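The next block holds one structure in the form of structure tokens; read it before the comments.
The values are calculated or read from the model by the stated rules, or taken from the named source; none is laboratory data. Because the structure is a prediction, the values reported are computed rather than measured. A quick note on method: Cβ atoms are made from the backbone with ideal geometry, for glycine too, and the neighbour counts reach across all protein chains shown. These accessible areas exclude ligands, DNA and RNA; they are computed on the full protein's heavy atoms, side chains included. Shrake-Rupley method; radii C 1.70, N 1.55, O 1.52, S 1.80 Å.
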Amino acid sequence: MLLRAIDRFFSHEASGGILLIVAALAAMIVANSALSGVYEGVLGAYLAVTISGEGLEKPLILWINDGLMAIFFFLIGLELKRELLEGKLKNPSDVVLPGMAAVGGMVLPALFFLAFNWGNPVTVGGWAIPAATDIAFALGVLALVGDRVPSSLKIFLLTLAILDDMGAILIIALFYTAELKVDYLFLALIPAVLMFWMNMRRWHRVAPILLLGVVMWFFVLKSGVHATLAGVLTAFFIPLKDKWGKSPLHSIEHGLAPYVLFGIIPIFAFANAGVVLTGISFADLLAPLPLGIASGLVLGKMVGVFGITYLMVRLGLARKPHGANWAQIFGVACLAGIGFTMSLFIGSLSFDDQELMNGVRLGVLCGSLISGVTGFVALRLSSTEPAPAEAQAAQ
């Protein structure tokens, strides 16, 4: 009976989002309890992998953010490649509306953040924090509404979030590169070229590609470019079809997804969501950094996604998602403001100072919570009956 209940939970679309909430709450409880010293001590403990003094030595929090999150981005890369070659991003006409909405949903949040932080050279570098959408969380909240919304809205939100992640990857590559070490970057080209050759040969053994991906991850990390990009690049070298007609990409994506959704992302959330509430007052919520992040996620995402979608449809440049009304699209635009995992990740790249990171966590948690609740309520009130079967079937 218990095993059946556990299986039903992990099979539900909202389970990933629920685990994220549990992990974030656990982090906040521990960070504000007598265990706070242990929490900070464990995350700050240095782990080293060296040979003759050469290798990597980093605190646990960076092994999580640079290592485990590279696997998360590897999964995103697999999804992007699959969608580009045979999925929702294959036909340009299907990408126009969510693509433009994604652009609006990245530009407007950044502008809202800059409106509060423009004159502050210490915090202005966090402009990209509210520009990202947490796919698992947003789709999890949408799943809680059930079949009251047409499946076209789920496809719209999923495509928007995928394109949003592409934008986040470009932002990380262009704006969050540390001091560049060209020698390590050239060394990273060696495994990249070998993986490219294997991909072109439709190599059916993926273990050599994955091992070369680990080597590339090491060199990219040492070069100063953020190592999570190595995860995306490795994913693009996994063949969609091997020479026997089987799909290594599908197999890896299917097998890896549960470990990322139910393991890596909750671990990341637990390590990064520990807001220290001691001494925090309402005035702290109105400080430029958390206020800029929260307003970007809540207002910037909503205005950017909904505003661009409305303009594109009204100008005849795109068609509204089949079977959806404007109130439902507004609800989905609000759900796009759930930044959480990606926003916390970009925040960790933006600031090393723990006090600033506490402000980041505060802004991300408040903004994501407001966006999630607003989106859920809007969808629930605008979707009182199950979506028509023909609207579902049309997708």
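Could you list, in sequence order, the residues of region 178-230 that are open to solvent by less than 40 Å² (accessible area, probe 1.4 Å), assigned to a helix (DSSP H, G or I) and out of contact with any Phe, Trp or Tyr (no Cβ under 9 Å at 6 or more places or on another chain)? Within region 178-230, just M216 meets the criteria.
Exactly one residue among G213, G224 is within 22 Å of the chain's Cα centre (by Cα) and modelled with pLDDT of 90 or more, and that residue is G213. Would you point out the residue of region 118-176, among those that are within 19 Å of G337 (Cα to Cα) and charged (D, E, K, R), that is surrounded by the most Cβ atoms within 10 Å (Cβ to Cβ)? Per the stated criteria, the residue is D134.
Sort through L356, L291, L299, L344 and tell me the only one that's in contact (Cβ under 8 Å) with a residue 60 or more places away in the chain and either part of a loop (DSSP other than H, G, I, E, B) or open to solvent by less than 30 Å² (accessible area, probe 1.4 Å) (or both).
Numbers: L356 fails: either part of a loop (DSSP other than H, G, I, E, B) or open to solvent by less than 30 Å² (accessible area, probe 1.4 Å) (or both); L291 fails: either part of a loop (DSSP other than H, G, I, E, B) or open to solvent by less than 30 Å² (accessible area, probe 1.4 Å) (or both); L299 fails: either part of a loop (DSSP other than H, G, I, E, B) or open to solvent by less than 30 Å² (accessible area, probe 1.4 Å) (or both).
Only one candidate qualifies: L344.
Results for (1) among the small types (G, A, S); (2) in a helix (DSSP H, G or I); (3) crowded, with 16+ Cβ neighbours inside 10 Å; (4) in contact with a Pro (Cβ under 8 Å, 6 or more places away or on another chain), shown as yes or no for each residue.
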position	(1), (2), (3), (4)
L20	no, yes, yes, yes
L25	no, yes, no, no
M28	no, yes, yes, no
G37	yes, yes, no, no
L47	no, no, no, yes
A70	yes, yes, yes, no
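Hey, K243 hits all of (1) modelled with pLDDT under 85; (2) surrounded by 15 or more Cβ atoms within 10 Å (Cβ to Cβ); (3) not small (G, A, S) but one; which does it fall short on? Unmet for K243, out of (1) modelled with pLDDT under 85; (2) surrounded by 15 or more Cβ atoms within 10 Å (Cβ to Cβ); (3) not small (G, A, S): (2). Does any residue in region 144-160 that is over 18 Å from N91 (Cβ atoms) come within less than 8 Å, Cβ to Cβ, of a residue that is in a helix (DSSP H, G or I) and of a type in the set (K, R) six or more places away or on a different chain, and which pairs are these? Correct list of pairs: V145/R380; R148/R380. Reported count of residues in region 359-378, each being out of contact with any Leu (no Cβ under 8 Å at 6 or more places or on another chain) and of a type in the set (S, T, N, Q), is 1.
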